[in-house]
Amino acid sequence: SSGINAEYGVCKKRQHLIKPHSSINVKVNFLPTIEKMSYTDYFYISPAGFPSQCVVKCVGRSSAPEIKLSADLLSFKYTELGTERKQYVTISNQSSVKTSYQIVLDSSESVFKVDNSCGTLDGKEERTIVVRFVPLNAVPYYKRITILLHRQEPIFLDLLGSGFTNEIRPARLVEADLSKFVEKVRTGLSVYPPELQTEILADEKITLNPGIPFQDQPPSSQFFSDVQMMTEGSTMHVTADIENIDFGRCRAFQKVHHKTVTVTNHTKGRVTAIWNDNPDSVFTVLPIECDIQPYKSASFRVNFHPRNPNQFYGANLECTTFYKSMRDAQLVNEETSCLSWSQSVYC
């Protein structure tokens, strides 16, 4: 018997009869309740009629799922409006423990879309996920999507791509732009628009304020994206004043209901904010596009027009914000290129 913990257990029959010069096997089960912990327990075997005891020490360590992605960044480069481009990423469970995952992305509202957004992976199982890029505007897009894992910290997948037309060709975002932009955040250069970065570096009188990139934040802070949870010294380029809009119960389902969301530009350059326009959605934003001056804000009206009564509606509206000069590839180069920012408002 054992009174230390319940992680180990023997079979239900606690008494056995052993014939002379023979042996029996007793099954010991190990059922840990907490992952990545070591357990120790003792069992005592007492022969009937004898005061002596035999002590059996059991030691074990619980394992946890180990989820890996075949790539942590996908770059779609230039993609013409009206077309789509596909790439593939493999999510694999490298442990023997079964686990579940969920990709936090509203494919109906985002320019990036995934299949198999949630599921369960058995031990040593892997699954291929198709990621599609369908640009709605001729602008550069960057988005870091979160993959939630059961009883583990989330992991992240970075997505890059630029939409273009014959008339408008924005700066092309490639894999190297992500690491370069993260370094610009660390040095404090990222708050300056591309057209000023060369002059800023050449001017020794200007003092830059180093920052902490979003990618360096703890996983929980990246997922919740709450300003109050960010590490002190974090660089916030563009923010929205609210992340959730609840329209509540709307009785007059033919009436358009609206609320306001404000986007603030914390950089020293002019930025452009563009909302993804989904004509099939009951949620719309006006204006769809707006330029925001340095250290200024712009308000957008979010409309809710339910089409049927007694029905629940929900959508994750996305706004892409970028330096205005990034809309013209001739105004930037490989060294001055900057990523865009993605703001999400769940309605």
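Per residue, the stretch 15-156 exposes 60 Å² of accessible surface when a 1.4 Å probe is rolled over the protein heavy atoms with every protein chain present. For the peptides 50-56, 241-247, the ranking by packing is 241-247, 50-56, with the highest mean count of neighbouring Cβ atoms within 10 Å listed first. Other residues within the sphere of radius under 15 Å centred on the Cβ of Glu109, judged by their own Cβ, net out at -2 (K and R +1, D and E -1). Going down the list Lys36/Lys124; Lys86/Lys296; Lys259/Lys324, which pairs span over 25 Å between their C-alpha atoms? Result: Lys86/Lys296; Lys259/Lys324 exceed 25 Å. For the chain, the 222 nm mean residue ellipticity estimated from helices alone, with every DSSP H stretch of n ≥ 4 adding -39500 (n - 2.57) and the total spread over all residues, rounds to -2500 deg cm²/dmol.
Take 319-327, 61-69 and order them by the average number of nearby Cβ atoms within 10 Å per residue, most first; the result is 319-327, 61-69. Here's the list of aspartates and glutamates a cross-link from Lys77 could span, going by alpha-carbon distance under 16 Å and ignoring same-chain residues fewer than 8 apart: Asp158, Glu175, Asp177, Asp328, Glu334. Between the labelled values (i) 21; (ii) 6; (iii) 32, the entry that holds percent of Cα pairs over 40 Å apart as derived from this structure is (iii).
For the chain, with a Gaussian network of springs between Cα atoms less than 10 Å apart, report the residue from Val185, Val256, Val131 with the top mean-square fluctuation. Result for the chain, Cα springs under 10 Å: Val256 fluctuates most. In this Cβ point-charge picture (+1 for Lys and Arg, -1 for Asp and Glu), the stretch 100-162 has a dipole of about 100 debye about its Cα centre.
What a 1.4 Å probe finds exposed on the chain is 50% carbon and sulfur by accessible area, rounded to a whole percent. Comparing mean-square fluctuations of Ser100, Ser38, Ser110 from a GNM of the chain with C-alpha springs under 10 Å, the top value falls on Ser38.
Among Tyr88, Tyr78, Tyr44, the largest mean-square fluctuation in a Gaussian network model of the chain (Cα springs under 10 Å) belongs to Tyr44.
A 1.4 Å probe run over the stretch 251-347, with the rest of the protein chains in place, finds 52 Å² accessible per residue.
The values are calculated or read from the model by the stated rules, or taken from the named source; none is laboratory data. These figures come from a predicted structure and were not determined experimentally. All Cβ positions, glycine included, derive from the backbone under ideal geometry; neighbour counts span all protein chains shown. For the accessible areas, the whole protein counts, side chains as well, though only heavy atoms, and no ligand, DNA or RNA atoms are used. Shrake-Rupley method; radii C 1.70, N 1.55, O 1.52, S 1.80 Å.
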